[in-house]
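The values are calculated or read from the model by the stated rules, or taken from the named source; none is laboratory data. Nothing here was measured: the structure is a model prediction, and the numbers come from that model. Cβ sites come from the backbone with ideal geometry, for glycine too, and all protein chains shown count toward neighbours. Heavy atoms of the whole protein, side chains included, go into the accessibility calculation; ligands, DNA and RNA do not. Shrake-Rupley method; radii C 1.70, N 1.55, O 1.52, S 1.80 Å.
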Amino acid sequence: MKALLVGEYREGKLLDTTYELYGFASQLGADPVMFLVGSPAQLPSFPGTVYLADAALCGEYNPDLHKKLLMQAVEREKPDYVIFIHSSYGWDLAPRLAGSLKAGQVSEVIGIVDGGFEVGCCNAKMRRTVKPTTNPAVVTIQAGAFPVIQGGTPWVEPLTAESAPTVEFVGYQAAEAKQVDLTRAEVIVSAGRGVGKKENVPVVAALAKALGGELGASRPVVDAGWVDHSHQVGTTGQTVNPKVYVACGISGAIQHLAGMKKSDFIVAINKDKDAPIGEIADVLVVADVLQFVPAFTARVQQ
């Protein structure tokens, strides 16, 4: 089985998520090769063939041109799977490639189960396992869902554009400034669905203040209108890596874990001892959030 990994290069840098593609291929048991529109001076740490097109000539993103370059790599390697990160680059390019190949596409994969791909459904409240029926198949994976694997020196196969680009890459537009920048916080205390209702969020906010940190939140809390979106942690919010992360009543959906699992020290407070967040927590407190957090806050304040 062979997998063609589509690396990402943005604003002059190879993105670390590229190595999550390698981690996915390893779990899949596939022999990986890579495609990248990047810089010859910044090659990935990867022990295999890298089909490389120069971003200085092709632009960091040009949908039509990049698809044509990627098709060259597909024709040479004839992979079973072409794997993208589920990012703005992958969202745009993966379906274009799938259409050209008349291939099935599986989007936002979060796990591999019995040879099938696990994906979220019902607004990420449930999971299902699917298997593509085409060969090749196109897959996008959720950032943060698979381990980072890197190491080795690549063998570079240069790719060149067969025609002049019809689109000029102008640049990136920065997102609007967030009301709360959790990426700079050293301590984050996040409220999850387990706090019960909006009126209980101040209990968690009080602990955040006592610890000198910021209030965070999971997506269900934000969707319910209990906390502003600027506090949301996860793939549809902010990706954070504080020194201390305290999760209050958060079960640990993959989208939330992807946004905070690189925190230095994780404390989870949850009534369910089997909650998924317990698998990555350094400390799991099995307790009612509304009983434990006020007591913890009082002790911190002493």
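Quick rundown of the values:
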{"item": "Total formal charge among the other residues, if their Cβ is under 13 angstrom from that of G278, Lys/Arg +1 and Asp/Glu -1", "result": "-1"}
{"item": "Förster radius 35 Å - calculated FRET efficiency between D228 and K78 (Cβ-Cβ, nearest 0.05)", "result": "0.10"}
{"item": "Heavy atoms of M1 accessible to a 1.4 Å probe, total area in Å² rounded to 10", "result": "110 Å²"}
{"item": "Lysines with Cα under 25 Å of K78, excluding same-chain neighbours fewer than 8 positions away", "result": "K2, K67, K68, K102, K131"}
{"item": "Proximal charge balance of A268 [Cβ under 12 Å; K/R count +1, D/E count -1]", "result": "-1"}
{"item": "Gyration tensor verdict on the stretch 58-142 (Cα atoms; rounded if a/c is under 1.5, prolate if a/b is larger than b/c, oblate otherwise)", "result": "oblate"}
{"item": "Selection from Q72, A247, V187, by position along the positive dipole direction of the chain (Cβ)", "result": "A247"}
{"item": "Heavy-atom surface of the chain, accessible at 1.4 Å and reported per residue (Å²)", "result": "49 Å²"}
{"item": "Spin-label pair M71/M126, simplified geometry with 7 Å Cα→Cβ offset, distance in nm", "result": "3.9 nm"}
{"item": "Which of H256, T297, I269, positive extreme of dipole for the stretch 234-302 (C-beta unit charges)", "result": "T297"}
{"item": "Accessible area of the chain belonging to carbon and sulfur atoms, whole % at 1.4 Å probe", "result": "50 percent"}
{"item": "Whole-angstrom gap from the stretch 76-92 to the stretch 11-65, using each part's C-alpha centre", "result": "10 Å"}
{"item": "Approximate spin-label separation R10-W155, in nm, with each point projected 7 Å along Cα-to-Cβ", "result": "3.2 nm"}
{"item": "Protection proxy ranking of 107-116, 18-27 - average other beta-carbon atoms within 10 Å, highest first", "result": "18-27, 107-116"}
{"item": "Segment D31-D92, extension gain: residue separation times 0.36 nm, minus the distance between their alpha carbons", "result": "19.4 nm"}
{"item": "Estimated 222 nm signal from helices in the chain, with DSSP H stretches of n ≥ 4 weighted -39500 (n - 2.57), rounded to 500", "result": "-7500 deg cm²/dmol"}
{"item": "Extension gain, K2 back to S39 (0.36 nm per residue minus Cα-Cα distance, nm)", "result": "10.9 nm"}
{"item": "Cα gyration tensor, the stretch 1-112 - rounded (a/c under 1.5), prolate or oblate", "result": "rounded"}
{"item": "Reachable lysines from K209, criterion Cα separation under 30 angstrom, eight or more residues apart if same chain", "result": "K178, K197, K198, K243, K261, K262, K271, K273"}
{"item": "Dipole moment magnitude, nearest 20 debye, the chain about Cα centre, only Lys, Arg, Asp, Glu C-beta charged", "result": "720 debye"}
{"item": "Prolate/oblate/rounded label for the stretch 180-293 (Cα gyration tensor, a/c 1.5)", "result": "rounded"}
